[in-house]
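**Q** Here you go, one structure.
Just so it is clear, none of the values below were taken in a lab; they were calculated from the coordinates. What you see is a predicted model, and the numbers here were worked out from it, not measured in a lab. Don't worry about glycine lacking a Cβ; one is built from the backbone with ideal geometry, like all the others, and counts go over all protein chains shown.
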Amino acid sequence: MRLLLSTLSLAIALTVTAYAESRLTSGGIIRIASSSIEGGWHSGRLHQDARKCWMVKLDKPTKDHYTMLSLLVVERLQLANGSAWNDVAVKPILQDSPAVCREYGSCR
């Protein structure tokens, strides 16, 4: 019984993650939280560059003048769904991205 519940929980988690990832599109409205910039939520849009790396184009620059961030520095990502926000796991997105997208300093 315990194995069945564990397997079911894993299947549901993978389905939710896959569903959220399948909805990622360039231009998608999102908000992020990152310890690399000032605290709080920062709104923006998703952008996939020529190397197929997901980036965040911020709606307004940070206090240090950043306007675009790699998903490498994003701790929390939420995708707009009407008036609601849905959490999206960042790790699976990075794991499915090309190797260059998972290297610090590669997003130039």
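**Q** Between GLN95 and SER43, what is the FRET efficiency for a Förster distance of 30 Å, r being their Cβ-Cβ separation, to the nearest 0.05? Could the numbers behind the result be given before it?
**A** Details: r = 25 Å, r/R0 = 0.84.
FRET efficiency, GLN95 to SER43: 0.75.
**Q** Residues with beta-carbon under 11 Å from that of SER26, excluding SER26: net charge, scoring Lys, Arg +1 and Asp, Glu -1? Can you show the working numbers first?
**A** Details: positive: ARG45, LYS52, LYS57; negative: ASP49.
Neighbour charge sum, excluding SER26 itself: +2.
**Q** Same structure again: Near SER43, within a Cβ-to-Cβ distance under 14 Å, what is the net charge of the other residues, with Lys and Arg +1 and Asp and Glu -1? It would help to have the intermediate numbers written out before the result.
**A** Numbers: positive: ARG31, ARG45, LYS57, LYS60, ARG76; negative: GLU38, ASP59.
Every neighbour counted, the sum reads +3.
**Q** Taking θ as phi - 60°, what are the ³J(HN,Hα) couplings along segment 89-94 by the Karplus curve (6.51, -1.76, 1.60), each to the nearest whole Hz, with x for Gly and Pro?
**A** These are the phi-based 3J(HN,Hα) values: 6, 7, 3, x, 5, 5 Hz.
**Q** Tell me, what HN-Hα J-couplings in whole Hz come from the Karplus equation 6.51 cos²θ - 1.76 cosθ + 1.60 at θ = phi - 60° for each residue of segment 68-83, using x for Gly and Pro?
**A** 9, 10, 7, 5, 4, 9, 8, 8, 10, 9, 10, 9, 5, 9, x, 9
**Q** In straight Cα distance, which lysines are under 24 Å from LYS91, not counting same-chain residues fewer than 8 positions off?
**A** LYS91 reaches LYS52, LYS57.
**Q** Let me ask you something else. Test of understanding: ordering VAL73, VAL100, VAL56 by Cβ neighbours within 10 Å, fewest first, what list do you get?
**A** Details: VAL73 16, VAL100 12, VAL56 24.
Going from least to most buried by this count: VAL100, VAL73, VAL56.
**Q** Give me the net charge for the shell around GLN78: Cβ to Cβ below 9 angstrom, other residues only, Lys and Arg +1, Asp and Glu -1. If you can, show how the numbers build up before the last one.
**A** Working: positive: ARG31, ARG76; negative: ASP87.
Result for the neighbourhood of GLN78: +1.
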